[in-house]
Every structure is written in structure tokens, then in C-alpha cells.
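Okay, structure first, notes after.
The values are calculated or read from the model by the stated rules, or taken from the named source; none is laboratory data. Everything quoted here is computed from the prediction, not taken from an experiment. Using ideal geometry, Cβ is built from the backbone for each residue, glycine included, and neighbour counts are taken over all protein chains shown.
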Amino acid sequence: MKIYWIIIIFVFALYIPSQVRAVAGDPQLFFTKKGTIQNVKNGERFSVDLVLSSSTPINVVNGIVDISGPAEVEQIITGSSIISQWIEPVQIRKDISTIPFSGVVFGGYAGDIGQVFTLVLKSKNPGEILVTVKNTQGYINDGNGTYIALKSAPLKINVTSEDSHIVSPVIQDTTPPEEFSPEVYRDSVLTENKWLVSFITQDKGSGIERYMVKEGSGDFVDAASPYVLKSDPINEEITVRAIDRLGNMRDAVVTPLDSKEQNPYIFLLFVAGLLLVSLTWRNKTKIKK
Amino acid sequence: MFIVILLLAVAPVIVRAGSNALFQLEIQNSATPTLSTPSSQGGGSSIGNQVNNLPLGSYSFSGVSFSGAKIEIMKDGEAYTQVVADAGGNFSGLISGLNQGTYTFGFIVYDKNNHHSDLVTQGISITGSGLVTGSIVELPPTVTIIEDEGKKLNLTGYGKKDSNIDIVISSNSKEISKISAQSLNDGYYIVDIGKLEFEEDYYDVFVYESRAGAVAKTKISFSVSNKRVILKEGECLVRADLNCDGRVNLIDFSIASYWYNRTLTNDFLDIEKGRLNGDGQVNLIDFSIMAYFWTG
């Protein structure tokens, strides 16, 4: 009888700690809704946060958001994100119902509530909404790019038949993106020595939605970093415009040192011209004599 | 006439030299909300970085390194400012004018030989006009490997003064040796990690420093090939430094982004092999390596 109990206790002791470790230690990437009530009214606008929780420092997260049920995505907010730079920016796409994303955290993130981004949703009909993040991948901040699985579970939200009268937007942001410094450089391997401009900035409100570049007096065009310049930035001013998700803008202008750098050329041309005139005049004088 | 021709010949060369020069940067603020204007709440005007009526917050940081250490501070991955540690190795500072939001501040220490530590980050959240005080940043030691007359490898750098330094050498994630050392009063340490013992392989060296219960570490790597030691240190050999300027920053990230999910050219294949994970493509693993070695 004693042996029987010892075996039970031994098996129990082996089993329970492994379960505890699995829950406490495994990194997770999951959606959470603010507040304790998981019900929303029909037509209500509400937000859910994608959160990273990990005791192991993670520096790359990747996944695909899938939303099923009576809801539509109205807005994506990345202003409070732990992501330092997006590899694949998170954005609403008309052609696909899912939202792929991947981003980098310089130096890694270890903690319980690392907000990756916020989705602003609006319920359309009574029913059940499932917000899931699939194909999750994480990489440990160890300098070797070691893969780590990120656990996830769908977030269920019930939409009641009661109509909502809430019409105000979830987020307000009139703050422009932060000041930034684009870098202009050439890279022989990348673009056969063509000029490139690289840029990055932050927006602590709604988050950066996109960038545009203007070369000289040309028009702004949509751009991603790095952007291959069509003109020679020696002569052209380059303007990079960062636009947040609510349309606030910040411009950064790269002005070449053309005046300073070309001064020697202009000076040499001037001296050469003077000498040429002088020599021509001297020759003419000699011929006359 | 000869002088004229010479001047005309030399002039374009001068212009080409100038074309590689640095550019001046001018920031313009066109902070005018134009699209999807938010509702009545909030509002206000934008002047420089002072936007809306929302109060700006401040962040106070402090930490410990070695005497005279140069600490580079990054805000959200970009170089922001520098401070120098006092004679006791302590440093501190205040960053004000921060808009409300979440920030990641990064710290890297450089020694007088320009060798640096790994990046240490601290996440904070500014929610109002108050002061957010970060916890004390324990900076890890700087580290480099010096080959001493082809006979031995010396691991050297600067840590906190009179501190215990543990060195763990591993290969393929397996620990193969562990050495303990003590830094001097100025933080300098040097440890002979041998040479003849290392077979042809890739090695990671972790330098741990413990103080007041906190452990800080810096990692450095080297490989042995054809009986030669290849050190991953120095210009053009720093991991993830794709443009070979001694830093891992926005330009490197942009270059990697350019090649992400693209077929690599032969030239870039060599770079990927030497400075990223060498699998012949730019993928999430490479971005993870870059994020670790980030210097801003």
C-alpha cells in the first residue's frame, strides 16, 4: 500500500512541475481585450492588443492575424509597440482578409506585457468573433537567431444583439511622427553604386503608416527604406515624409553639401577661365607685335 | 596653357571626391493633421516636437560601468546621446521632452580602444508630464580577442572595477570551457583562453560580470579554419555590419530589408555568408542576428 502511494506521489510530482513550467516559461503571443467583459454590442467599436509575453529575450516576432466572425478591422495602432522596426509592416489590406506582420526589437524584449500592436475592430452582427494569430515565430536575442516557438490561443468575443450607440473613435492622435535623420549613401553591391536613402522614425500615437520621398522639385512618391534615388542627390534636395496612421506628417530634408563641395570646382573653373583669357590675350598681343 | 588643362582635368576628380562626402540634414516640421482628423478632443497646435496640449514627460537613467567609460544611448534603436562615466564608473542623465508613449532606450559602453559591450535595453512608458526613473543599468564588459604572436588568444576589455568576470566558451551551444578572472582597479582585464586546444569550428565566448545580484554579459565569436583563427572583431568583420562601417545600424537594416525574400547576387551571397547566418538568403534569422549586434 505504501509503495502504491509513493508511486502515485512520484508520478504526480513529475507531472505537475512540467505543467507549471510549460505555462510559466513558454513565450506567448496572444490577443487580449481591455477590460474583463468579453462581450460587445452590435456595431460597437472596440480594441484588442497583440501582446508578447516571454521570460526569454526575443528580438524578432512574426505571425499572421486572422479574424473570423462578424467584425471588421477599422484601424491598426502601432504607436505603443515594442517593435523597433517592422520587417513586414502591419497594415490592413483590401485584397486579403488576414494581416501578416513581422518586426524586430533591437536588444530583445523580455517581459509580460509587450504590446506589439492594437487592432481597432467594429462588430457588424450578433455572433462570435475569433481573433487568432497564426504561424507565430520568435527568435531569441542570442546573436545566433535561434528559433523559439510562440504559443497562442484565439481570443473569443461575443457580439450581443443589443445595438451600440458608441460612435467616437478609439484613438485620437494629432501628434506628428518624431523628427528623424534620413541617410543618403551609395552601395556598390546593392544597387551598382546608385544613391540610396534610408529612413526610420517613430510615432508614439497611432504609429507610422508609410513614407514618401520627393526628389528635388518632383512629386512625393510612396517609398520604403531603402529607397533607390533616381536623381543625383549632389544636385537635388531629398525630402522624406513620414505619415502616421491618422495622417499627421513629418518631413526631413536632406540637403547636400553641394555648395561647399562644388566651391573648389567653381573656383578652379574661374581660375582656369582667367588663365585662358590671359593667355589668349597674351598670344594676341604677341601676334600683333 | 598646361596649367589650364591641368586645372580642368583635376576639377572633376575633386567633384567626385566631394560626392561621397557627408550630407547636411535639415529637419522641417510639416506637422499638420490632414487626413482622418480626430474628433473634438485633443487638438492643439504643433511646434517642433511640442505637439498638442499633451504634457511631455522625462526619463531619468543611471547605471554602472567602469571609470571613463563612454556610454552611447539609443532611443528606439537610433543613436541619441552619449554620457561618460565618472571615476567610480557611475553615469546618469535626464532625457526630457518625450511625447506620451512607449520607448526603448538602449545602452552600449565603449572603452578607450573603441571595443564595445553588448546592447542593454530598458523599456519605459511615458503617460504624463512626470518623471520616469529607470532601474540602474548594469552595463556588461567590453571585449575583444587579441592573437598573441600566433601562440595564444587573449580575451581582454574593461568591466567594472575589481569585479569577478566569468568567461564561458561554447561551440554548437555546448560549453567547452569556463575561466574566471578579476578586473583591475580601472576595470581592465585580460585572460589567456588558449589556442592550440581549439579544433576547426565556430566558437562563442560569453563574458559574464556579476554585481549586486545582476548579471551582465557580452558575447564575442571566433572560428578556427585551416589552423587559422578568424576573429569576428574589427572593421568589416563585425557580425551584421553589412556596409562595413563598423556599426550595425539603420543602413545595415535597410540593406537587409532590400534583400529580404529576394534572390541574392553573388556579391551579396559572400556578405551574407560572412556577416549573417550564411544560409544563402536574408530571412528572419538574419534580422535576429542584426538586432542582437545592433549598435545604432
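Give the number of residues within segment A:233-242 that are in contact with a Phe, Trp or Tyr (Cβ under 7 Å, 6 or more places away or on another chain) and either facing chain B (nearest Cβ under 10 Å) or among the small types (Gly, Ala, Ser) (or both). Number of matching residues: 3.
Under the condition of being part of a strand (DSSP E or B) and within 23 Å of B:LEU242 (Cβ to Cβ), which residue from segment A:226-243 is modelled with the highest pLDDT? Here the answer is A:VAL240.
Let's see how each residue does on (1) at pLDDT below 90; (2) crowded, with 16+ Cβ neighbours inside 10 Å:
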residue	(1), (2)
B:SER129	yes, no
B:ILE146	yes, no
B:ALA181	no, yes
B:LEU184	no, no
B:VAL191	no, yes
B:GLU199	yes, no
B:ARG211	yes, no
B:THR218	no, yes
B:SER225	yes, no
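Can you tell me which condition B:LYS70 does not meet? The list is (1) farther than 30 Å from A:GLY107 by Cβ; (2) among the charged types (D, E, K, R); (3) at pLDDT 85 or above, and all the others hold. Failed condition: (1).
The single condition among (1) in contact with an Asp or Glu (Cβ under 9 Å, 6 or more places away or on another chain); (2) within 14 Å of another protein chain (Cβ to nearest Cβ); (3) in a loop (DSSP other than H, G, I, E, B) that A:GLN91 does not satisfy is (2).
Within the set B:SER210, B:SER221, the sole residue that is free of Cβ contacts under 8 Å to residues at least 40 places away in the same chain and either out of contact with any Asp or Glu (no Cβ under 7 Å at 6 or more places or on another chain) or assigned to a strand (DSSP E or B) (or both) turns out to be B:SER221.
Residues in segment B:149-170 that are part of a strand (DSSP E or B) and not aliphatic (A, V, I, L, M) were compared, and the one that is nearest to B:ASP204 (Cα to Cα) is B:SER170. Taken over segment A:126-137, the criterion of being in a strand (DSSP E or B) and out of contact with any Gly (no Cβ under 9 Å at 6 or more places or on another chain) is satisfied by A:THR132 alone. Answer yes or no as to whether A:ALA71 is in contact with a strand residue (DSSP E or B) (Cβ under 8 Å, 6 or more places away or on another chain), assigned by TED's automatic domain parsing to the domain that holds A:ASN39, within 30 Å of B:GLY278 (Cβ to Cβ) and of a type in the set (A, V, I, L, M, F, W, C). In short, no. Assigned to a loop (DSSP other than H, G, I, E, B) and more than 12 Å from every other protein chain (Cβ to nearest Cβ) - does that describe any residue in segment A:106-125? Within segment A:106-125, one or more residues are assigned to a loop (DSSP other than H, G, I, E, B) and more than 12 Å from every other protein chain (Cβ to nearest Cβ).
Each row is one residue, and each column tells you yes or no for (1) under 16 Å from B:ASN249 (Cα atoms); (2) in contact with a helix residue (DSSP H, G or I) (Cβ under 6 Å, 6 or more places away or on another chain); (3) among the hydrophobic types (A, V, I, L, M, F, W, C); (4) part of a loop (DSSP other than H, G, I, E, B).
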site	(1), (2), (3), (4)
B:GLU72	yes, no, no, no
B:GLY88	no, no, no, yes
B:SER96	no, no, no, no
B:ILE124	no, no, yes, no
B:SER135	no, no, no, yes
B:GLU147	no, no, no, no
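Within segment A:213-225, is there a residue that is within 7 Å of another protein chain (Cβ to nearest Cβ), assigned to a loop (DSSP other than H, G, I, E, B) and within 14 Å of the chain's Cα centre (by Cα)? There is at least one residue in segment A:213-225 that is within 7 Å of another protein chain (Cβ to nearest Cβ), assigned to a loop (DSSP other than H, G, I, E, B) and within 14 Å of the chain's Cα centre (by Cα).
Set side by side, the residues B:ILE271, B:ILE251, B:ILE255, B:ILE230 differ, and just one is within 25 Å of B:GLU175 (Cβ to Cβ) and either among the hydrophobic types (A, V, I, L, M, F, W, C) or within 14 Å of another protein chain (Cβ to nearest Cβ) (or both), which is B:ILE230. Look at (1) part of a loop (DSSP other than H, G, I, E, B); (2) hydroxyl-bearing (Ser, Thr, Tyr); (3) surrounded by fewer than 14 Cβ atoms within 10 Å (Cβ to Cβ) and you find that A:SER80 fails only one, number (3).
Scoring A:GLU72 on the criteria (1) surrounded by fewer than 23 Cβ atoms within 10 Å (Cβ to Cβ); (2) assigned to a strand (DSSP E or B); (3) within 12 Å of chain B (Cβ to nearest Cβ) leaves a single failure, condition (3). If the requirement is being under 29 Å from A:ASN135 (Cα atoms) and part of a strand (DSSP E or B), which of these qualifies: A:VAL254, A:VAL159? None of the other options fit; the residue is A:VAL159.
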